[in-house]
Amino acid sequence: MSILHRGHVFHLTGTPRVQEAAEALVEIPAGALLVDDDGVIEWCGRYVDRPQRDGAPVEVIDHRDAFLLPGFVDTHMHFPQVNSIDAYGGGQLLEWLTECIFPAEARFESEEFALGAAREFCHRLISAGTTTSLVFGSAFPAAQDALFGEYRRRGLRGVIGRGIQTVGPDAAKPLMTSESDAIKLTREEIEKWHPSDPTARDALVFAAVVPRFSLSVTTETLAALGELYDHFRGRGVYFTSHLNENNRPGDGEIAAVLESYRVATYLDTYDGRFLPGSKQGGKSLLGRRSVMAHCVHCQDSELERMAETQTSIAHCPTSQLFLGSGTLPWLRTIASGVNVAAGTDLAAGDTWFIPDVLNAAFKVHISETGENGVALHPAELLHLATVAGARALDLEDRIGNFDPGREADMVVIDPSAWEPLGNSLEWGLRSDDPLKRTHGRLFTVLMAANQVALTETWVRGRRLDA
């Protein structure tokens, strides 16, 4: 039976770039979505204009004055860090990994522990309204099976890949494999979990090739991963890793990569040019299903190369604040043409709730120095959380907005469930200009919402139980 959802609709119609988000913004205060039996949106508009069905039963779900938004897309998070939010490592990225994260991830060797963590991870995603996620997985196959299986059981949409490490400090040794096992285990995971036809409408869960970062692998690993990815690229397998996150002078992540590989740019290591002098050593891992996390300190040439290859950026401002990594330069990054989507980077990002990431993004970018400071438009914030994430995962024809033909991934934000939000929307001052009122209302919904206000999460027309 088709379902007609009534509520206050916000979404971005079409396939806009972030600079076009304001023009694409649609608000329908007394709106409705008609969703067919397969979970696909048939129609979106004013409730009074709803299609009339002669004899065909339609279930009506009235969400009252709640807001209906496209499901949130999180393009960067870490499954084996599910219990490591706000872990104190006494320093920035490399210290935090060594002191906190490598030991925490080693616990996932226990199948029982990993199964419990997979249940908790999916519970938190649903509770936070994250309908689609790109996930750095565990190093251990049983833990990965637990997570893939739990995604399927819960009906979540996601891209998951085992964390690949072949070198590293002593603290990372439990997570490391040989070069040959790294490729073998990754291949087996793809064959087991990635759909043979990724365009099939019943495919919700996909696999990715995921080296932790360039310091966790060797040139031999990168060459082999390039061959593996080239073999599976046509099946729609994904690639993701970290890029240009921490630029502490002398011994930070970026300096360590450039010194270790003796390359001109960090991106070269993922682009097949990982031999000294940035000479070609293998196949590129970049492309329209590749996502690089952070990209806080990119060179112009790196941004241009990512835009050229349609590689996306997972922007994680809460994580960058937590680790003191700096701020992605918004205007310069967007001007390059690269697609930028939101990511929590759980657990360096200490929130599950994508609106918290949007809140941080607004604050860090308005605080950029001089002419670089910019107040992101509310529609640009919504773009980060929805359309850009769908584009990063090459799912823009399926999710990201409420256009007919898209699958009904949706969250319900109810102001009555979080009194400060409700009061702000009802009693806060608003412009007399209708367009400015729309922008102000969306801004309040995205910036002031608490997770308790998110009352329902739907994927492909099905309500998920947390």
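List of remarks:
Here is a yes/no grid of residues against (1) in a helix (DSSP H, G or I); (2) of a type outside the set (Gly, Ala, Ser); (3) touching a Pro at 6+ places or on another chain (Cβ under 6 Å):
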site: 62; (1), (2), (3): no, yes, no
site: 85; (1), (2), (3): no, yes, no
site: 90; (1), (2), (3): no, no, no
site: 95; (1), (2), (3): yes, yes, no
site: 107; (1), (2), (3): yes, yes, no
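- Candidate set from segment 11-68 (those that are among the small types (Gly, Ala, Ser) and without any contact (Cβ under 8 Å) to a residue 60 or more places away in the chain); member that is farthest from residue 313 (Cα to Cα): 55
- Residue ranges of helices (runs of 4 or more DSSP H) in segment 283-369 with at least 2 members among the polar types (S, T, N, Q): 300-309, 317-322
- Filtering segment 22-48 to residues that are within 24 Å of residue 434 (Cα to Cα) and not hydrophobic (A, V, I, L, M, F, W, C) leaves 23, 27, 29, 31, 45, 46, 47.
- Filtered residue count, segment 341-361, keeping only those that are surrounded by 22 or more Cβ atoms within 10 Å (Cβ to Cβ) and more than 23 Å from residue 79 (Cβ to Cβ): 1
- In segment 441-466, the residues that are of a type outside the set (Gly, Ala, Ser) and out of contact with any helix residue (DSSP H, G or I) (no Cβ under 8 Å at 6 or more places or on another chain): 456, 458, 459, 460, 462, 463
- On the stretch given as segment 261-295, residues that are hydrophobic (A, V, I, L, M, F, W, C) and crowded, with 23+ Cβ neighbours inside 10 Å total 7.
- The number of residues in segment 5-15 being surrounded by fewer than 20 Cβ atoms within 10 Å (Cβ to Cβ) and farther than 14 Å from residue 49 by Cα comes to 3.
- For segment 425-466, taking the residues that are among the charged types (D, E, K, R) and in a helix (DSSP H, G or I), the one that is surrounded by the most Cβ atoms within 10 Å (Cβ to Cβ) is identified as 441.
- Enumeration of residues in segment 164-174 that are out of contact with any helix residue (DSSP H, G or I) (no Cβ under 7 Å at 6 or more places or on another chain) and either within 30 Å of residue 395 (Cβ to Cβ) or of a type in the set (Asp, Glu) (or both): 170
- Filter result for residue 87 (at pLDDT 95 or above, assigned by TED's automatic domain parsing to the domain that holds residue 218 and either under 22 Å from the mean Cα position of the chain (by Cα) or among the small types (Gly, Ala, Ser) (or both)): no
- Residue in segment 372-381 that is without any contact (Cβ under 8 Å) to a residue 12 or more places away in the chain, farther than 20 Å from residue 253 by Cβ and not in a helix (DSSP H, G or I) present: yes
- Which listed residue is among the aliphatic types (A, V, I, L, M), touching a helix residue (DSSP H, G or I) at 6+ places or on another chain (Cβ under 6 Å), under 29 Å from residue 84 (Cα atoms) and touching a residue at least 60 places away in the same chain (Cβ under 8 Å), from 314, 342, 293: 342
- Residues of segment 230-260 classified as crowded, with 24+ Cβ neighbours inside 10 Å and out of contact with any His (no Cβ under 7 Å at 6 or more places or on another chain), total: 5
- Among residues that are more than 21 Å from the chain's Cα centre (by Cα) and more than 27 Å from residue 385 (Cβ to Cβ), residue 38 is not included.
- Candidate set: segment 93-147, residues that are closer than 30 Å to residue 460 by Cα and of a type in the set (S, T, N, Q); chosen: the one nearest to the chain's Cα centre (by Cα): 133
The values are calculated or read from the model by the stated rules, or taken from the named source; none is laboratory data. Remember, predicted model here, so these are calculated numbers, not experimental data. Cβ sites come from the backbone with ideal geometry, for glycine too, and all protein chains shown count toward neighbours.
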